[in-house]
Amino acid sequence: MQNIQRKDRLILALDVDTEDEAKKLVLDLREWVSFFKVGMRLFFRYGPQIVNSVQRAGGAIFLDAKLHDIPSVVEAAVRVIGRMGVSMVTIHTLGGKDMMRRAKEAAKEESPRMKVLGVTLLTSMDDRILREELGVKESVQEKVLFLALRAQEAGLDGVVCSGREVRILRESLGPDFILVVPGIRKEKIEGDEQKRVLTPTEAIKQGADYLVIGRPILQASNPATVAKEMASGFDI
């Protein structure tokens, strides 16, 4: 696990509808949160404008693009993203090793400091979904480990995985491979679609480098207070 400052471990998911909401969150929370995740919800509405807006407000960008296409298309997309000054970008490991390799090579040429991270299995998935809906015989843990190993072989900087797979990935992939964990919760949330969740302390202890947090902060009556608690309070 890498040596990372506490506030730098937090990635706030900007799961809001408007640019103004996103900018306010960055301005209010940047003292406690370094990275802000821009996903499809905002990016499809505003495009590169939202990336520039968050950066001007003082936030580093985790662009959760989840790119998944033929290798040449993903390579070209990563080149464009690299020119935006994004800190991290995601691609799907299910796109295969050639796609992942070409994405990383494009990142090195356009923006050497940008990390390319592979999405293994979405944290909304569990063993039943894999088996009954996707026809995958392996368990979630087995499939995530398989995909993460392919990502490492392809040269990616790390993967996105749930907290439930962190320990085995850390043991298998070594201390320098970045592990980003979404689905972080302070406690269980009723009706939560995330299936494989952990608390911040649990995830860090098991080997997570970065924690993606959304609802516990966004739905709080005082988001800054919760962000401060998470940034300074988890046990590492």
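The values are calculated or read from the model by the stated rules, or taken from the named source; none is laboratory data. Since this is a predicted model, take the numbers as computed values, not measurements. No Cβ is skipped: glycine too gets one built from the backbone with ideal geometry, and neighbour counts run over all protein chains shown.
Structure notes:
- Boolean, Gly85 is more than 22 Å from Glu109 (Cβ to Cβ), surrounded by fewer than 16 Cβ atoms within 10 Å (Cβ to Cβ), small (Gly, Ala, Ser) and touching a helix residue (DSSP H, G or I) at 6+ places or on another chain (Cβ under 8 Å): no
- Of the set (1) over 17 Å from the mean Cα position of the chain (by Cα); (2) of a type in the set (Phe, Trp, Tyr); (3) within 28 Å of Val144 (Cα to Cα), all apply to Tyr46 but (3).
Okay, residues lined up against (1) among the small types (Gly, Ala, Ser); (2) in contact (Cβ under 8 Å) with a residue 24 or more places away in the chain; (3) buried (at least 23 other Cβ atoms within 10 Å of the Cβ):
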{"position": "Arg79", "(1), (2), (3)": "no, yes, no"}
{"position": "Pro112", "(1), (2), (3)": "no, no, no"}
{"position": "Val116", "(1), (2), (3)": "no, yes, yes"}
{"position": "Ser124", "(1), (2), (3)": "yes, yes, no"}
{"position": "Glu142", "(1), (2), (3)": "no, no, no"}
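- Of residues in region 2-18 being of a type in the set (A, V, I, L, M, F, W, C), within 16 Å of the chain's Cα centre (by Cα) and in a loop (DSSP other than H, G, I, E, B), the one nearest to Ile217 (Cα to Cα): Leu14
- When we screen Ala208, Ala203, Ala227, Ala231 for residues that are of a type in the set (A, V, I, L, M), at pLDDT below 80 and surrounded by 20 or more Cβ atoms within 10 Å (Cβ to Cβ), the only hit is Ala231.
- Residues in region 158-176 that are closer than 22 Å to Ala107 by Cα, without any contact (Cβ under 8 Å) to a residue 60 or more places away in the chain and surrounded by 21 or more Cβ atoms within 10 Å (Cβ to Cβ): Gly158, Cys161.
- Looking across region 48-62, the residues that are part of a strand (DSSP E or B) and either basic (Lys, Arg) or within 19 Å of Arg79 (Cβ to Cβ) (or both) come down to Ile61, Phe62.
The rows are residues; the columns are (1) modelled with pLDDT of 95 or more; (2) farther than 27 Å from Tyr46 by Cα.
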{"site": "Ser87", "(1), (2)": "yes, no"}
{"site": "Arg101", "(1), (2)": "yes, yes"}
{"site": "Pro112", "(1), (2)": "yes, no"}
{"site": "Met125", "(1), (2)": "no, yes"}
{"site": "Glu133", "(1), (2)": "yes, yes"}
{"site": "Val144", "(1), (2)": "yes, yes"}
{"site": "Arg150", "(1), (2)": "yes, yes"}
{"site": "Glu165", "(1), (2)": "no, yes"}
{"site": "Gly191", "(1), (2)": "no, yes"}
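- The set of residues from region 126-140 being under 19 Å from Arg167 (Cβ atoms) and surrounded by 18 or more Cβ atoms within 10 Å (Cβ to Cβ) comprises just one member, Val140.
- Any hit, region 65-82, residues being more than 16 Å from Ala151 (Cβ to Cβ), outside any helix (DSSP H, G or I) and touching a Phe, Trp or Tyr at 6+ places or on another chain (Cβ under 7 Å): no
- Considering Glu31, Glu21, the condition of being modelled with pLDDT of 95 or more and not in a strand (DSSP E or B) is satisfied by Glu21 alone.
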